[in-house]
Amino acid sequence: MTTHGPAISAIMAEHKNTFQQYIDLEEILLCLKRKNVIQDDEYHDLMEETREKKKKQTLFLLKKIPAAGDNAFLLFLECLKKRHMNLAEALLKSLDQEDEAYAKEVRIKWQGDSSAASQGTTGHPAGSSKKQDLYSWDKINERRLQIRDKYMVDTLELLRTLEQTSVFTYLEAKQVREITDLRKQYDELFNVLTSKNPKKYVPIFLQALVDMDREDVRDFLQGLHVDGKP
């Protein structure tokens, strides 16, 4: 049971309009489902097309996160960090006003890993940062448009390969296939992919490219090629 539910509820209500108007709530809800903050049936109910779909999703988050425990709020911040860092920071600033001690505790837990990563080269061998890159989505995300536009990787072929290797569940693959706009379909594939544990799934993703006979893309992502040149 949460011990800081009222403070979390207050700051989320304060930013309600931002959630409803400017945030990709479907992406956030998928991330929360992957982190087991929300259940499958809750997620699928919120994906149903209704006239007030986004309002329904917003109200759900405003009720769910404060009631789901302090760790749920931390995981919610993690989901926001990828594309909505400004909102995550705004929530923490509001939390400072509501409960300064708890806000400090949250910052330590939430930002500790990031601070350690940013200072990770100090006192470590020169090759350690490159090794860490192999287990991060950062470089892959930076080059995702080049994978599509320059290397012309087939989205559905990649999706099939990832589904066969159990990276994507049937429902996740179905969700991507149902998108008719090819650019949005490609973006959704990578949104789902990069929400997964990088240490486990980055190597599987790279192997999937090899299985598709796309070692050129694998090498590009690993830095063996730069802008498509050896």
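Read-outs: derived from the displayed coordinates by stated rules, not from any lab. Note that the coordinates shown come from a computational prediction; the quantities given were computed from them, not determined experimentally. For neighbour counting, all protein chains shown are included, and Cβ atoms are generated from backbone atoms with ideal geometry for every residue, glycine included.
Key figures for this structure:
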| item | result |
| --- | --- |
| 12 Å Cα-Cα reach of LYS64 towards aspartates and glutamates, excluding residues that sit fewer than 8 places from it in its own chain | GLU42 |
| Cβ-based exposure ranking for HIS44, HIS4, HIS15, in which fewest neighbours within 10 Å come first | HIS44, HIS15, HIS4 |
| Backbone HN-Hα couplings from phi across the stretch 69-82 [Karplus 6.51/-1.76/1.60, Hz, Gly and Pro as x] | x, 4, 5, 4, 5, 4, 5, 4, 4, 4, 5, 6, 4, 5 |
| Alpha-carbon centroids, the stretch 200-216 and the stretch 6-67: separation in whole Å | 33 Å |
| Pairwise centroid distance, computed over Cα atoms, of the stretch 76-108 with the stretch 141-187, Å | 32 Å |
| Two-decimal Rg to Rh for the stretch 23-93 - Kirkwood Rh, Cα set | 0.94 |
| Sparsely packed trypsin sites (Lys or Arg not before Pro) within the stretch 1-101, loop by DSSP, other Cβ within 10 Å at most 12 | ARG51 |
| Within-12-Å neighbourhood charge of MET12 [Cβ basis; K, R +1; D, E -1] | +1 |
| Length-normalised contact order for the stretch 131-221 - Cα pairs under 8 Å, 6+ apart - percent | 41 percent |
| At most 16 other Cβ within 10 Å, DSSP loop - GluC sites (Glu not before Pro), the stretch 1-107 | GLU48, GLU49, GLU52 |
